[in-house]
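Written out below as structure tokens is the structure these notes cover.
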Amino acid sequence: MKINLSKGSAGIIDESMKNGRCNVKLKWKTGMDLDLHALVRVGGRTQEVYFRNKGSLNTFPFVKLDQDAGIGNRAGDNEENLTISRINDIDEVLFFIDAFGHSQIDFAKYKPTLTIEFLSKEFVVDFSEAQSRGKYFVLARITKDKITNINRATMREPQMDVQFETVPDQELGFVAGVMSKIKNILGL
């Protein structure tokens, strides 16, 4: 069953999904090095899984990244996949994209897609309402019972304890606005 998650909406993780693997897939075709990151919290410990720390399925953080795609802003069938061994093994996961090597981009221009697959359900994170300019793009949060589509660009590197679902847009874009003004003043 395929379920589209619009911005701010949540999908329920039922009991049948909690003991199986969860696969998270980021895909894009345009020439940009987008890096999928996962901040994983287990029992009070937090670890970031990304291209420099690919994680492990058998030990903490129970999440593993397969590869780093799009290196050198290569266009084509770019795909990065994260696997979660079992949702019951984790407390929370926050997924985000880093526009590697860029200070700010328009994420909507690169048309990434994110799917989160369980045995019985596939959740598709809808980017159509994305506030898309930033260095990072916060995709979704998984807890033990739900997946929430956050769908927000930010200039600040995402942190687990920031509730991106409720942070005002002007706070997320503050640095972008300041940088834009500085560039205008300097004539860049």
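Values in this text are rule-based calculations from the coordinates and carry no lab data. All figures in this text were calculated on a predicted structure; none of them were measured in a lab. Quick reminder, even Gly has a Cβ in these numbers, built from the backbone with ideal geometry, and neighbours come from all protein chains shown.
Conditions (1) exposed (fewer than 14 other Cβ atoms within 10 Å of the Cβ); (2) over 14 Å from the mean Cα position of the chain (by Cα), marked per residue:
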{"site": "V49", "(1), (2)": "no, no"}
{"site": "T59", "(1), (2)": "yes, yes"}
{"site": "D66", "(1), (2)": "no, yes"}
{"site": "A69", "(1), (2)": "no, yes"}
{"site": "D77", "(1), (2)": "yes, yes"}
{"site": "L94", "(1), (2)": "no, no"}
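So, in the stretch 1-20, of the ones that are surrounded by fewer than 17 Cβ atoms within 10 Å (Cβ to Cβ) and basic (K, R), which residue ends up nearest to K109 (Cα to Cα)?
K2
Go through the stretch 13-30 residue by residue and tally those that are part of a helix (DSSP H, G or I) and of a type in the set (S, T, Y).
Of the residues in that region, 1 qualify.
Looking at the stretch 31-50 only, could you name the residues that are in a loop (DSSP other than H, G, I, E, B) and either over 22 Å from N73 (Cβ atoms) or in contact with a Pro (Cβ under 8 Å, 6 or more places away or on another chain) (or both)?
Those that are in a loop (DSSP other than H, G, I, E, B) and either over 22 Å from N73 (Cβ atoms) or in contact with a Pro (Cβ under 8 Å, 6 or more places away or on another chain) (or both): G43, G44.
Could you please tell me which pairs satisfy a Cβ distance under 6 Å, a separation of 6+ or placement on different chains, a first residue in the stretch 68-90 that is under 17 Å from E117 (Cα atoms) and free of Cβ contacts under 8 Å to residues at least 60 places away in the same chain, and a second residue that is charged (D, E, K, R) and surrounded by fewer than 20 Cβ atoms within 10 Å (Cβ to Cβ)?
E79/K27; N81/K25; N81/D66
Checking N23 against (1) surrounded by 13 or more Cβ atoms within 10 Å (Cβ to Cβ); (2) of a type in the set (S, T, N, Q); (3) over 21 Å from F118 (Cβ atoms), only one condition comes out false. Which one?
With respect to (1) surrounded by 13 or more Cβ atoms within 10 Å (Cβ to Cβ); (2) of a type in the set (S, T, N, Q); (3) over 21 Å from F118 (Cβ atoms), N23 is out only on (3).
List the residue pairs whose Cβ atoms are under 7 Å apart, where the first residue sits in the stretch 39-61 and is in contact (Cβ under 8 Å) with a residue 40 or more places away in the chain, the second is among the aromatic types (F, W, Y), and the two are 6 or more positions apart or on different chains.
Listed by first residue and then by second, the contacts come to V42/F60; V42/F62.
So I142 passes all but one of these: (1) more than 15 Å from R21 (Cα to Cα); (2) in contact (Cβ under 8 Å) with a residue 60 or more places away in the chain; (3) not acidic (D, E). Which condition number does it fail?
Exception for I142: condition (1).
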